[in-house]
1. Relative to the longest principal axis of the chain, what angle (0 to 90°, nearest 10) does the C-alpha long axis of helix 160-171 take?
2. List the aspartates and glutamates whose Cα sits under 13 Å from the Cα of Lys22, skipping any in the same chain fewer than 8 residues away.
3. When ligands, DNA and RNA are left out and all protein chains stay put, how many square angstrom of accessible area per residue does segment 126-189 have with a 1.4 Å probe?
4. Over all directions, what mean area does the Cα convex hull of the chain project, stated in square nanometres?
5. Taking Lys62 as the anchor, which aspartates and glutamates have their alpha carbon closer than 19 Å to its alpha carbon, excluding any fewer than eight residues away along the same chain?
6. Starting from the Cα of Lys112, step 7 Å along the direction of its Cβ; do the same at Lys2; then give the gap between the two resulting points in nm.
7. In nanometres, what is the gap between the two model label sites at Arg292 and Met183, each 7 Å from Cα along Cα-to-Cβ?
8. Rg(Cα) of segment 27-98 divided by 2.2 N^0.38 Å?
Amino acid sequence: MKAAVHTRYGPPDVVCVKDVPKPVCKAGTILIKVHTTTVNRTDCGFRSAEYFISRFWSGLFKPKHQILGCEFAGVVESVAPDVTSFKAGQRVFGYNDQQFGGHAEYTLQSEKGIIAEIPEGVDFIQAAAIAEGAHYALGMLRAANVHSGQQVMVYGATGAIGSAAVQLLKYFGATVTAFANKMNISLIASLGADRVFDYEKTDIKNLNENFDFVFDAVGKLSFTQCRPLLKSRGIYISTELGKYGDNVWRGMISPFYKGKKVLFPLPSFSRYDIELLAALVSEGKFKPVIDRTYKLNEIREAYVYVETGQKTGNVVIEV
């Protein structure tokens with residue numbers, strides 16, 4: 001089968017598409033014929049190992065898992081004899097940031113993995129992009145204990161995480177103020193944001209109001225910048241570590257004091273979560289935003305584009 005493989009860490013050039021052995025079902029697994037996958041921040045981070053700490057999971061000197069692709073959508077090709085949750089022919093989508101495997105024509109996944117049936121009426125391109133951005137957003141919102149009636153600001157609302165956060169915040173009943181580039185103001189408004197500002201024209205310092213939660217979905221702001229915008233017990237969360245790991249150590253000491261806080265929750269994802277996202281998609285309450293698609297043999301170009309930081313929503317690979 002064809003697969004995008006990387007045997008060392010580095011820029012997009014370290015990835016090449018080549019023939020590798022097709023996986024074979026073993027106990028407790030399902031073999032999925034991949035129709036679509038994505039290139040996202042998670043894949044980029046594990047490929048480049050720019051944050052050295054990631055190597056403690058991915059391999060200290062070289063990648064343990066050479067086929068990336070944490071998101072995938074396709075059709076169950078076969079199942080092991082002991083598998084009861086899935087059957088051949090089912091359309092499924094899933095997420096795996098432990099062993100990855102989506103950047104290939106076939107991926108072998110555990111029956112107990114984070115996999116769900118694709119909702120009726122949802123195509124493979126949409127299905128592949130449901131999980132990655134939304135699961136990060138969902139974890140951040142839960143950590144901040146977002147609930148109905150709260151005022152929330154999302155900075156960087158056009159990425160996979162930000163665009164998912166806007167929709168999930170509306171699901172939880174929050175009032176959303178979003179910042180986006182001028183080209184996507186109408187898009188973010190259509191996702192449910194109550195107000196959308198052009199980040200190039202509106203400085204956050206000029207917002208004459210306070211928020212229960214400020215979510216920096218692109219890691220461009222600091223707690224110092226956002227602190228004046230927070231209510232007395234407001235929460236700030238960023239998707240990035242911050243300068244000198246500022247967000248990490250502030251998050252570690254936050255439980256020991258009252259008032260405005262920085263949280264740095266570790267991402268988690270479960271079968272319940274992916275089934276929740278599938279239900280929201282089915283009900284029309286969440287729709288992953290698709291920027292563009294590439295073919296598997298164009299995956300280097302996809303990586304390059306994602307790393308410009310200019311994508312809107314998700315970049316999908318048609319396998």
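The values are calculated or read from the model by the stated rules, or taken from the named source; none is laboratory data. Please read all numbers here as calculations on a predicted model, not as lab measurements. Glycine also receives a Cβ, built like all others from the backbone with ideal geometry; neighbour counts cover every protein chain displayed. The area values use the complete protein model at the heavy-atom level, side chains included, leaving out ligands, DNA and RNA. Shrake-Rupley method; radii C 1.70, N 1.55, O 1.52, S 1.80 Å.
1. With rounding to tens, the tilt is 70 degrees.
2. Straight-line reach from Lys22, under 13 Å: Glu77, Glu105.
3. Dividing the accessible area of segment 126-189 by its residue count gives 28 Å².
4. 16.2
5. Straight-distance partners of Lys62: Asp13, Asp43, Glu50, Asp97.
6. 3.5
7. Distance between label points: 0.9 nm.
8. Dividing the Cα radius of gyration by 2.2 N^0.38 Å gives 1.31.
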